[in-house]
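The values are calculated or read from the model by the stated rules, or taken from the named source; none is laboratory data. Quick caveat: nothing in here was measured; it's all calculated off a predicted structure. Counting neighbours? That spans all protein chains shown, and the Cβs are built from the backbone with ideal geometry, glycine included. When the accessible area is computed, the model is the full protein with side chains, heavy atoms only, and any ligands, DNA or RNA have been set aside. Shrake-Rupley method; radii C 1.70, N 1.55, O 1.52, S 1.80 Å.
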Amino acid sequence: MLDLNFVRDNLPRVEEMLRQRGADPAAVLKDFAAIDIRRREAITDAERLKSQRNKASEEIGKLKKAGQDVSAVMAETKTLREQIQERETVATEFDGMLRDILSGIPNMPHSSVPVGHGAEENVEVRRWGTPPKFDFTPKAHWDLGAELGVLDLERAVKLTGARFAVYWDLGAKLERALANFMLDLHTREHGYTEVLPPYLVNSDSMYGTGQLPKFAADLFRVPHGEKDLWLIPTAEVPVTNLYRDEVLDAGRLPISLTAYTPCFRSEAGSYGKDVRGIIRQHQFHKVELVKFARPENSYEEHEKLTRNAETILQKLGLHYRVVTLCTGDMGAASAKTYDIEVWLPGQQLFREISSCSNFEAYQARRANIRYRPEGKNKTEFVHTLNGSGLAVGRTWVAIVENYQQADGSVLIPEVLRSYIGADRITPRSL
């Protein structure tokens, strides 16, 4: 969420930002300026009336001391009290309306973010490695997985429905091995602390990271008594909210956390997209990287986090590229995002495998996560960052497609062999 004073003082700049993000300023901001004015008028009126009430209360004391009648002044204070309550109620109503508007305004993009309308205007930053060369036509993972007997989409439909998967034998072990490998690398070499959070969170947590109220249709809601719980769409939600409504010790920053969790997404807006295979699932696994940083260091930490995620692909020997998302393709909460896209030879395209974002104070303001700078009494909002390190299922896809062999088997990257206890996936019967 953006700061109220910032929006008020920079309304033309906010309107331009919304246009750059492909949004209609009038639809997002609504009657912001008018509501803000009326709210401040109500607050001013309430303060003026409180001053009058205080003077009247002093007058009552003087009259009583002088033995004079106080009934008229008492009636006046009662009227003033009712007027104060009315103006405070109005101010509270307008405050709620402003909060609703502010919660729907996306973050201000960093100055280095390219202006553009969609993915075609993202800017490539770098590439690593080269695509594998085959003396045969490489297959897509949905064919390979079925032929190897390690990926079963048909039985998943029977169990649950479309966009779910069953992994068998070395297919299941590969998924587990990838998660363990990623966690080991991030904790042992990159300095992250591992966290195992709940997979269900409350609405406050979803609001804190920006999923609610705007993206409720993309979530799985679980009614629970008088309140709703939500299946997490990413570990970003519970891990970021670990410090909701807390003041962090400045000496602890940056805090770097990693978590491996299932993720649940309804994919409400993706009907007809990526219907084959396991690219876009309702349930998938991901290793997440989350950082809490000082504002002056957050972009340095953003670069580190992105490099940490890239290291996984480098150690797996997978060709990838990094792109900076333009204003029109960036998530609403992000100030800057790098997408890491891995090469999939079976589909002849790059596919996003991690989004690494700096949210600056946007999430921290919603979740009230602060720190106290050394030598200062006043607290400030931290900057929050996160990125996939990596999406496990898509890494599974990349390995199967990049390491496929002419005989139909799939080699297992050397760094994973000790985790799996095998060096190759060969066909098995389902």
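Within the range 393-408, can you find the residues that are of a type in the set (S, T, N, Q) and surrounded by 24 or more Cβ atoms within 10 Å (Cβ to Cβ)? Lay out the reasoning, then the answer.
So the first thing to find is which residues in the range 393-408 are of a type in the set (S, T, N, Q), and the list is 395, 402, 404-405.
Listed by number, the residues that qualify are Thr395, Asn402, Gln404.
Residue by residue through the range 310-342, note down the ones that are within 17 Å of Asn386 (Cβ to Cβ) and not hydroxyl-bearing (Ser, Thr, Tyr).
Of the range 310-342, the ones within 17 Å of Asn386 (Cβ to Cβ) are 310-312, 322, 324-325, 330-340.
Hits for the range 310-342 are Glu310, Ile312, Val322, Leu325, Met330, Gly331, Ala332, Ala333, Ala335, Lys336, Asp339, Ile340.
Which residue, of Thr258, Thr240, is closer than 15 Å to Phe292 by Cα and in a strand (DSSP E or B)?
None of the other options fit; the residue is Thr258.
Which residues, taken from the range 409-430, are out of contact with any strand residue (DSSP E or B) (no Cβ under 8 Å at 6 or more places or on another chain), in a loop (DSSP other than H, G, I, E, B) and buried (at least 19 other Cβ atoms within 10 Å of the Cβ)?
Pro413
Could you look through the range 302-318, keep only residues that are open to solvent by 10 Å² or more (accessible area, probe 1.4 Å) and in contact with a Ser or Thr (Cβ under 9 Å, 6 or more places away or on another chain), and pick out the one that is farthest from Thr130 (Cα to Cα)?
Lys304
Can you find even one residue in the range 391-413 that is touching an Asp or Glu at 6+ places or on another chain (Cβ under 9 Å) and free of Cβ contacts under 8 Å to residues at least 24 places away in the same chain?
Yes, the range 391-413 contains a residue that is touching an Asp or Glu at 6+ places or on another chain (Cβ under 9 Å) and free of Cβ contacts under 8 Å to residues at least 24 places away in the same chain.
If you check Ile105 against the conditions, is it assigned to a helix (DSSP H, G or I), among the aliphatic types (A, V, I, L, M) and at pLDDT 95 or above?
Numbers: assigned to a helix (DSSP H, G or I): no; among the aliphatic types (A, V, I, L, M): yes; at pLDDT 95 or above: yes.
Criteria not met by Ile105.
Could you identify the single residue in Val275, Val287, Val342 that is in a loop (DSSP other than H, G, I, E, B) and farther than 30 Å from Arg19 by Cα?
Working: Val287 fails: in a loop (DSSP other than H, G, I, E, B); Val342 fails: in a loop (DSSP other than H, G, I, E, B).
Every option except Val275 fails the conditions.
On the given criteria, is Gly393 under 18 Å from Tyr260 (Cα atoms), part of a helix (DSSP H, G or I), within 28 Å of the chain's Cα centre (by Cα) and among the small types (Gly, Ala, Ser)? Don't jump to the end; show me each part of the working.
Working: under 18 Å from Tyr260 (Cα atoms): yes; part of a helix (DSSP H, G or I): yes; within 28 Å of the chain's Cα centre (by Cα): yes; among the small types (Gly, Ala, Ser): yes.
Yes; evaluated as a whole, the condition is true for this residue.
Are there any pairs, at least 6 apart or on different chains, whose C-beta atoms fall under 6 Å, with the first in the range 288-310 and on the phi > 0 side of the Ramachandran plot and the second open to solvent by less than 50 Å² (accessible area, probe 1.4 Å) and of a type in the set (Asp, Glu), and if so, which?
none
Between Gly171, Gly96, Gly149, which is farther than 21 Å from Lys273 by Cβ and over 31 Å from the mean Cα position of the chain (by Cα)? Spell out how you get there, then give the answer.
Values: Gly171 fails: over 31 Å from the mean Cα position of the chain (by Cα); Gly96 fails: over 31 Å from the mean Cα position of the chain (by Cα).
None of the others qualify; the one that does is Gly149.
Condition first: open to solvent by 10 Å² or more (accessible area, probe 1.4 Å) and among the hydrophobic types (A, V, I, L, M, F, W, C). Can you find one or more residues in the range 266-274 that meet it? Give the derivation first.
So in the range 266-274, the residues open to solvent by 10 Å² or more (accessible area, probe 1.4 Å) come out as 266-269, 271-274.
Those left that are additionally among the hydrophobic types (A, V, I, L, M, F, W, C): 268.
Among the residues of the range 266-274, at least one is open to solvent by 10 Å² or more (accessible area, probe 1.4 Å) and among the hydrophobic types (A, V, I, L, M, F, W, C), which makes the answer yes.
Identify, from the list Tyr371, Tyr338, the residue that is open to solvent by 10 Å² or more (accessible area, probe 1.4 Å), aromatic (Phe, Trp, Tyr) and touching a residue at least 12 places away in the same chain (Cβ under 8 Å).
Tyr338
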